[in-house]
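Everything below concerns the one structure shown next.
The values are calculated or read from the model by the stated rules, or taken from the named source; none is laboratory data. Just so it is clear, the model here is predicted, and its values are computed rather than measured. Don't worry about glycine lacking a Cβ; one is built from the backbone with ideal geometry, like all the others, and counts go over all protein chains shown.
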């Protein structure tokens, strides 16, 4: 058996090395699995040794098989010397025809389609004749074109064509209940407006809506501002001790505005506009023009206005608080060379004032610090020493000097000893402050005016232009309102 097996291998090798070896016929019991697609050429191709069946003679047992194997081995080209070996030409190439693709064209119902239900799909079938180039072109042209949607589709009509028409305004909803549905129904909408115009109009509508919201917010804020201004006007009339004080903010008439404008803007600077005989104060246009905007107030205007406030109290004692108004020179005289009570001792005699200083509710002391006006208040009624500065500063030294002065004044005029150590020395809370560098004098006068009315300091920087014109009008009339 070993020799037989060895002989079979040698025969296969001989068939592989010698192409001219005559191929043996296949056994009659086997058939080819698949039919060839092309006709067999007359020239036999080079066959692999794996496809050559073993020779019948090699399968038979006996001594002849060993002899044949030895003979075949001796006659093999591999056993010959190199100079005696023959060189064979390469095998010819496989011929092929110029034609269409030889695959099964299932799209047009051609060729053979395998069916899983038929168990004999592997059985050979007669070879089909390949298509030529002309037949293939004719077959392609014979396929009808796919239908396209007509351009003249009436509005509202439904199209069932295979071409999907996308609607820009409505989303196409697919029906999940149908599993094998390939057609999509859509409405063909004729666009009257171009796409960019439609987008621009939509954007404009959005902007218009936002503009309307902004206009509403602005209108609402404006109404809120107007209501706050009206509320401020109402609050100006509310005071802790009186029902209402509309006088500080009464607007000037047109006639008064013309008079003030002429007095503050005339060319004759030396012209006398007002004379106060009780205090012997003469007001010229040059002096009065300090009430123009951005100008500092001078001593004459301040002292005359304080005299007018005192006369106002005397006219209506029940309407105003009992006060005493020192002029701008009192504090300078009191601290001249240090504290000096004797320098101002005769300023407050009962023969001059008609009352004792201790009998007043409030005593106002203007304080001038080189280029700035401040106010000190001796509040006898509330037992306080208050300091008011429109710049928000505090001067405790001035309050201590005034406390010493009050003790000396009461002892000199009334022969009494009062204790001011228990009195408070404070700065006024929520004090209206100036927002520039020239309204300190007007702030000081309005501190005095409002405190003499016994009302809160409810004015602000924005009221200063009005207060300047009103003060000029009261000086021209020699009457404080």
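Quick notes
- Residue in the range 402-420 that is out of contact with any helix residue (DSSP H, G or I) (no Cβ under 7 Å at 6 or more places or on another chain) and crowded, with 20+ Cβ neighbours inside 10 Å present: yes
- Residue within the range 390-399 that is farther than 21 Å from residue 299 by Cβ, surrounded by 21 or more Cβ atoms within 10 Å (Cβ to Cβ) and touching a strand residue (DSSP E or B) at 6+ places or on another chain (Cβ under 8 Å) present: yes
- Top-ranked residue in the range 467-481 [being touching a helix residue (DSSP H, G or I) at 6+ places or on another chain (Cβ under 8 Å) and exposed (fewer than 15 other Cβ atoms within 10 Å of the Cβ); ranked as modelled with the highest pLDDT]: 479
- Of the residues making up the range 290-309, those that are crowded, with 18+ Cβ neighbours inside 10 Å and in contact with a helix residue (DSSP H, G or I) (Cβ under 9 Å, 6 or more places away or on another chain) are 290, 291, 297, 300, 301, 302, 304, 305, 306, 308, 309.
- Flag for residue 191 being outside the structural domain of residue 470 (by TED's automatic domain parsing), part of a helix (DSSP H, G or I) and either modelled with pLDDT under 80 or under 20 Å from residue 458 (Cα atoms) (or both): no
- Within the range 350-359, restricting attention to residues that are in a helix (DSSP H, G or I) and touching a residue at least 40 places away in the same chain (Cβ under 8 Å), the residue that is surrounded by the most Cβ atoms within 10 Å (Cβ to Cβ) is 357.
- Out of 274, 279, sole residue that is farther than 30 Å from residue 409 by Cβ and not in a helix (DSSP H, G or I): 274
- The residues listed here are 385, 326; of these, the one that is crowded, with 18+ Cβ neighbours inside 10 Å, assigned by TED's automatic domain parsing to the domain that holds residue 261, without any contact (Cβ under 8 Å) to a residue 60 or more places away in the chain and more than 22 Å from residue 430 (Cα to Cα) is 326.
- Some residue of the range 360-369 being over 15 Å from residue 306 (Cβ atoms), touching a helix residue (DSSP H, G or I) at 6+ places or on another chain (Cβ under 9 Å) and either surrounded by fewer than 16 Cβ atoms within 10 Å (Cβ to Cβ) or touching a residue at least 12 places away in the same chain (Cβ under 8 Å) (or both): no
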